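Heads up, the thing below is written out as structure tokens.
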């Protein structure tokens, strides 16, 4: 029988694997060593694409029929930054006063460690489930996210894998375990607008066109009016300009071009296509209404580039999955769970195309920070929640 029933030992093993994207660091090997003794068929595959690092991934399954519950996540972690700023070795998994320190403790090796322990305990008590359980684990979530979950899902689907539901173990709780689960995400759309001017000497503005004059008008049009007021399920859509750049280092030269990058996190008032159309309408209107100088009537010349890939807004509407997750969390923690669509994107944006997905994991306050850490007590609580979800979900499907 597997010795993987202890989430603390599981997490220490995983943290001690320095799996900074794109390095596997031994983490997937360690995970395979936990799952194989339970009877999982474990497969490892590496995906490649020109211009991006090769990424190792893992897919493991026990059972050969339905219903089929997937657990998804990633073993890669962000860089540690200045290691001297850490009070505990970032890959040491030290436990001090009931707290385990290490990169990936909450994002998201902790979630993986707990789900492994939950599955091991479930199998130890009940045997293999009346259906199938699988792990879909990538090493590319914190990086380009090109050779990871999206390709792993397609690879598995091409070989005949079908899933009925997924738990994604990202750290979803803002303060206390049992605060929040994610049942959807706003969409994400990124673009770059470039205003084309004419370079010249600042002392002779009549011979030049300053693109920043047009950029200010376009930026104002992007910000106002607000895109929407949100909905029952989603926060209002929000556009932020993240950079404005001319590439000009001289103070006496009018630049030739000015580019602004922007990102929109959008609600279910929009699709990717309808939002693109609205942004293009706003930019065209601003460009037509304003020239680069008050004495010149020509419209602002611009270029618009959409960055790929955008992420569509989605909401999980599987009442069985959502209710099982909610009741399991509330039964174990005694807390009233908030079902949320807040925050950034995650690999749920890929999984939702294959099956309903709910995200629930540890408290995320220290993710990506120096001295990332997790309360050891939370590891046991999350394992108990996951074990209950497994049992209740399969019971609901029979």
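The values are calculated or read from the model by the stated rules, or taken from the named source; none is laboratory data. Everything numeric in this text was worked out from a predicted model, so none of it was measured. Backbone-built Cβ (ideal geometry, glycine too); neighbour counts: all protein chains shown.
At a glance:
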quantity: Residue among 381, 333 that alone is within 30 Å of residue 89 (Cβ to Cβ) and in contact (Cβ under 8 Å) with a residue 12 or more places away in the chain; calculated: 381
quantity: Test result for residue 311, buried (at least 22 other Cβ atoms within 10 Å of the Cβ), at pLDDT below 95, under 29 Å from residue 161 (Cα atoms) and touching a strand residue (DSSP E or B) at 6+ places or on another chain (Cβ under 7 Å); calculated: no
quantity: In region 339-376, residue surrounded by the most Cβ atoms within 10 Å (Cβ to Cβ) [restricted to those that are in contact with a helix residue (DSSP H, G or I) (Cβ under 8 Å, 6 or more places away or on another chain) and under 17 Å from residue 7 (Cα atoms)]; calculated: 374
quantity: Pairs where the first residue, in region 76-92, is exposed (fewer than 15 other Cβ atoms within 10 Å of the Cβ) and the second is assigned to a loop (DSSP other than H, G, I, E, B), C-beta under 7 Å, 6+ apart; calculated: 81/370; 83/90; 85/370; 87/371
quantity: Which listed residue, of 198, 194, 190, is under 16 Å from the mean Cα position of the chain (by Cα) and more than 30 Å from residue 382 (Cα to Cα); calculated: 190
quantity: Every residue from region 305-326 that is out of contact with any helix residue (DSSP H, G or I) (no Cβ under 6 Å at 6 or more places or on another chain) and in a strand (DSSP E or B); calculated: 305, 306, 314, 315
quantity: Test: residue 267 is surrounded by fewer than 20 Cβ atoms within 10 Å (Cβ to Cβ), modelled with pLDDT of 95 or more and closer than 30 Å to residue 341 by Cα; calculated: no
quantity: All strands (runs of 3 or more DSSP E) inside region 98-174 with 2 or more residues being in the same structural domain as residue 368 (by TED's automatic domain parsing) and surrounded by 24 or more Cβ atoms within 10 Å (Cβ to Cβ); calculated: 132-138, 165-168
quantity: Scan of region 333-356 for residues that are under 13 Å from the mean Cα position of the chain (by Cα) and not in a loop (DSSP other than H, G, I, E, B), ordered by number; calculated: 348, 349, 350, 351
quantity: Odd one out for residue 365 among (1) touching a residue at least 24 places away in the same chain (Cβ under 8 Å); (2) part of a loop (DSSP other than H, G, I, E, B); (3) over 19 Å from the mean Cα position of the chain (by Cα); calculated: (3)
quantity: In region 185-196, the residues that are out of contact with any helix residue (DSSP H, G or I) (no Cβ under 7 Å at 6 or more places or on another chain) and either surrounded by fewer than 22 Cβ atoms within 10 Å (Cβ to Cβ) or at pLDDT below 95 (or both); calculated: 188, 190, 192, 194
quantity: Any chance residue 239 is touching a strand residue (DSSP E or B) at 6+ places or on another chain (Cβ under 7 Å) and outside any loop (DSSP other than H, G, I, E, B); calculated: yes
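Residue-wise test of (1) over 21 Å from the mean Cα position of the chain (by Cα); (2) over 28 Å from residue 342 (Cβ atoms).
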residue: 280; (1), (2): yes, no
residue: 289; (1), (2): yes, yes
residue: 292; (1), (2): yes, yes
residue: 301; (1), (2): yes, yes
residue: 312; (1), (2): no, no
residue: 322; (1), (2): no, no
